[in-house]
Every structure is written in C-alpha cells, then in structure tokens.
Amino acid sequence: MEIVTTVTELREKIKNWKREEERIGFVPTMGYLHEGHLSLVREAKKRSAKTVVSIFVNPKQFGPAEDYQIYPRDFKRDADLLEKEGVDLIFCPSVEEMYPAGYKTYVQVEDLENKLCGHSRPGHFRGVCTVVLKLFNLIQPDEAYFGWKDAQQVIILKKMVGDLNLPVKIRPMPLIREKDGLALSSRNIYLNSQERQAALVLYRSLELAEKQIKDGEKQAAKIKQSMIDLISAEPLARIDYVEIVDVQTLDSLEKIDGDALIALAVYFGRTRLIDNLRFISGVIEK
Ligand code: PAF
C-alpha cells in the first residue's frame, strides 16, 4: 500500500494506472475509520482493480463554531486498517496541499445545499462538494463510494456529478449500525455514556416511522410528530430537525405515496448526530 501526500506524486501514480486502463475505485474519508468506511472499501475492492482511499479532514466543510480542531484523527490506526483491507493507495494531503494560499474556487449545488443540515451548517455542502470535486479530478475514479448515513451528501454529490457531467459513478452503500441500532459515526466518540445511551432514541424513532409506514400511514405530519414526541421525551436529546422529504429535491412531503427520505439531526450535549431512513420503491432501508 502506498501513502501519498502530494498532488504531484498522486498524479504520477494515477497516470500510470490510467495508462494500464485499470479501473479505479475511490473512497473519500476524513479518517478515524469505522466499519462503515471499511464496508465502502470492501465494495470498492470487489469492483475495481485499484482502490484509493483519501484521508483528509476538510476544513472547508466545518463552520467556525464546529469541531474541525478536535475532529478525531488517528492516521496510524487508519493506515493499518486500510493495509489489512488491501487498499492500493492512501492519499492524505495537508491542508496547504489541497488549499494553497490564495485558493478561491468553490462548487455549490444550489438549493439542495440549504435544506436539512444546510440550515444549521451553512457552507457545509459547499465545502464537501469542493473537496470531492478536487479529489475526483485528481484521482479520476471510475466509481466513488459513499455511505447512506450522509443521505443529503449522497443526493447532493449525485446532483453535482450529473450537472457537471463528471465521468464517475456514485455508489451509495447501506448505513452501518452498532448492534443496538446507533448509526456508526466518527463523532460517536464524543458521546459520554449517558449520551451514548440516550442516542438510541434516534433508531427507535426511525423504527417507529417504519412501523407507521408499514401500517399504512401516509400523512408525513403525523409520522413526523410521533418521532418528535418520542425524541423530545429523551431529556438529553435536543432536536435540530426531523424532516420527511422527497429523495431528489429534498422538499418536504405532505404525503408518503412514493419514495421518501426521513432524516433527522439531534444534539446530545454538544454532539450533533444525524440518521435517516429511506423508503424507496416500496422498500424501507435504514
Ligand atoms: O463524508 C465524509 O467523510 C466527508 O464529507 C467527505 C465526503 C470525505 C468529504 O470531506
């Protein structure tokens, strides 16, 4: 496994692989890897000749009051995990390598970036799209893997790839949970034991929504309110949003009579967790 930190070195490796017409699978990450990330890596390995993982805590996607400085980092552990998975190359640039002094160019997916997480994280998706487009340009992957955990990110990146005619296929992969239902996230490390316990209410609220949908409830407002009531009964939970939206436009739905995304963001102490359930072609995925 090669570890590359500069654009020049990376371009050289990619040029050689492209000359050999190797299919490249790419998993962008911010490190502190968990089973969710590794599931993406395994899928990439299965489908491509070469697998690249980037590890870059992207400052452009954190707001000024967010956790950029304290975001968990453990490169040695990440590299060991990726070596075991048989990854071909890790790209782990410095901030200066990605954004040299005088950097000025950004990518925005209008409208979608302001919905759901966009309200409380202005500029977040602009940062995500910018770094992902840069990484796509550098790595030139045939396929790129993202977890459904960040459903809005998947939907926005698909839109960016379509709108900009990028020659890469976005492959969203299932959300991975702990045995007790908590969605895997690098940020779970911030939770103390009471918050960790309280956070199970997220999965319970999604299960409640699932049951209502299965029982034939179509009114989005009713499902949403029952989720809000359940989460609000947990004293350590502070709701940022609970929304039921169209999976393409992210506009609120009144009725669930086709595909829908039920997405939520809830604070436990200072930690903001997101989770979701997707109802697509009559099948519930969570
Ligand atoms: O999902 C993430 O970890 C990040 O948003 C990504 C896609 C690696 C971009 O920094």
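For segment 116-133: of the residues being over 20 Å from THR271 (Cα atoms) and more than 10 Å from the ligand (Cβ to nearest atom), which is least open to solvent (accessible area, probe 1.4 Å)?
Going through the qualifying residues, I end up with LEU133.
Out of all the residues in segment 119-137, which are outside any helix (DSSP H, G or I) and more than 17 Å from the chain's Cα centre (by Cα)?
The answer is none; no residue qualifies.
Say we look at segment 14-32 and pick out the residues that are in a loop (DSSP other than H, G, I, E, B) and away from the ligand (no atom under 16 Å from the Cβ); which of these is least open to solvent (accessible area, probe 1.4 Å)?
GLU22
Name every residue in segment 156-172 that is under 11 Å from the mean Cα position of the chain (by Cα) and open to solvent by less than 10 Å² (accessible area, probe 1.4 Å), in order of residue number. Before the answer, list the steps.
Taking segment 156-172 first, the residues under 11 Å from the mean Cα position of the chain (by Cα) are 156-157, 172.
Those that are under 11 Å from the mean Cα position of the chain (by Cα) and open to solvent by less than 10 Å² (accessible area, probe 1.4 Å): ILE156, LEU157.
Go through (1) within 14 Å of the ligand (Cβ to nearest atom); (2) surrounded by 19 or more Cβ atoms within 10 Å (Cβ to Cβ) for TYR71 and report which single condition fails.
Of (1) within 14 Å of the ligand (Cβ to nearest atom); (2) surrounded by 19 or more Cβ atoms within 10 Å (Cβ to Cβ), only one is false for TYR71: (2).
Read through the list (1) more than 23 Å from the chain's Cα centre (by Cα); (2) on the phi < 0 side of the Ramachandran plot, then give the number of the only condition that GLY216 fails.
Here GLY216 clears every test but (2).
Enumerate the pairs (first residue in segment 141-155 and on the phi < 0 side of the Ramachandran plot and open to solvent by 10 Å² or more (accessible area, probe 1.4 Å); second residue anywhere and near the ligand (Cβ under 9 Å from one of its atoms) and in a strand (DSSP E or B)) with beta-carbon separation below 7 Å, excluding pairs fewer than 6 apart on the same chain, so at least 6 apart or on different chains.
Taking only residues 6 or more apart or on different chains, the pairs are GLN153/PHE146.
Within 30 Å of LEU182 (Cα to Cα) and touching a residue at least 40 places away in the same chain (Cβ under 8 Å), is that true of PRO93?
Against the criterion (within 30 Å of LEU182 (Cα to Cα) and touching a residue at least 40 places away in the same chain (Cβ under 8 Å)), PRO93 does not qualify.
Can you pull out the residues in segment 33-60 that are assigned to a loop (DSSP other than H, G, I, E, B) and among the β-branched types (Val, Ile, Thr)? Reasoning before the result, please.
Applying the first criterion (assigned to a loop (DSSP other than H, G, I, E, B)) to segment 33-60 yields 33-34, 48-49, 56-58.
If the condition is that a residue be assigned to a loop (DSSP other than H, G, I, E, B) and among the β-branched types (Val, Ile, Thr), then VAL57 is the only one that fits.
Please determine, by comparing only the residues of segment 180-205 that are assigned to a loop (DSSP other than H, G, I, E, B) and closer than 21 Å to ILE262 by Cα, which one is most open to solvent (accessible area, probe 1.4 Å).
Taking segment 180-205 first, the residues assigned to a loop (DSSP other than H, G, I, E, B) are 180-182, 184-185, 191-192, 199.
With closer than 21 Å to ILE262 by Cα added as a condition, the list becomes 180-182, 184-185, 199.
Working: ASP180: 68, GLY181: 3, LEU182: 8, LEU184: 24, SER185: 25, ALA199: 1 Å².
Checked segment 180-205; the qualifying residue most open to solvent (accessible area, probe 1.4 Å) is ASP180.
Report yes if GLU35 is open to solvent by 50 Å² or more (accessible area, probe 1.4 Å) and within 15 Å of the ligand (Cβ to nearest atom), otherwise no.
yes
Could we say that ILE256 is open to solvent by 10 Å² or more (accessible area, probe 1.4 Å) and at negative phi here?
No; evaluated as a whole, the condition is false for this residue.
Of the conditions (1) more than 14 Å from the ligand (Cβ to nearest atom); (2) under 17 Å from LEU40 (Cα atoms); (3) without any contact (Cβ under 8 Å) to a residue 24 or more places away in the chain, ASP180 fails just one. Which one is it?
(2)
For ILE262, are the conditions met, namely being of a type outside the set (Gly, Ala, Ser) and farther than 22 Å from LEU157 by Cβ?
No.
Out of (1) touching a residue at least 60 places away in the same chain (Cβ under 8 Å); (2) among the aliphatic types (A, V, I, L, M); (3) touching a Leu at 6+ places or on another chain (Cβ under 8 Å), the odd one out for LEU200 is which?
(1)
Within segment 138-170, work out how many residues are under 21 Å from ARG47 (Cβ atoms) and either more than 13 Å from the ligand (Cβ to nearest atom) or outside any strand (DSSP E or B) (or both).
So the first thing to find is which residues in segment 138-170 are under 21 Å from ARG47 (Cβ atoms), and the list is 138-150, 153-154, 157-158, 161-162, 166-170.
Add one more test, that the residue is either more than 13 Å from the ligand (Cβ to nearest atom) or outside any strand (DSSP E or B) (or both), and what stays is 138-143, 148-150, 153-154, 157-158, 161-162, 166-169.
The qualifying residues number 19.
The values are calculated or read from the model by the stated rules, or taken from the named source; none is laboratory data. Model, not experiment: these values are computed from the prediction. Because the Cβ atoms are built from the backbone with ideal geometry, glycine has one as well, and the counts that use them run over all protein chains shown. Please note that ligands, DNA and RNA were not included when accessible areas were found on the heavy atoms of the full protein model with its side chains. Shrake-Rupley method; radii C 1.70, N 1.55, O 1.52, S 1.80 Å.
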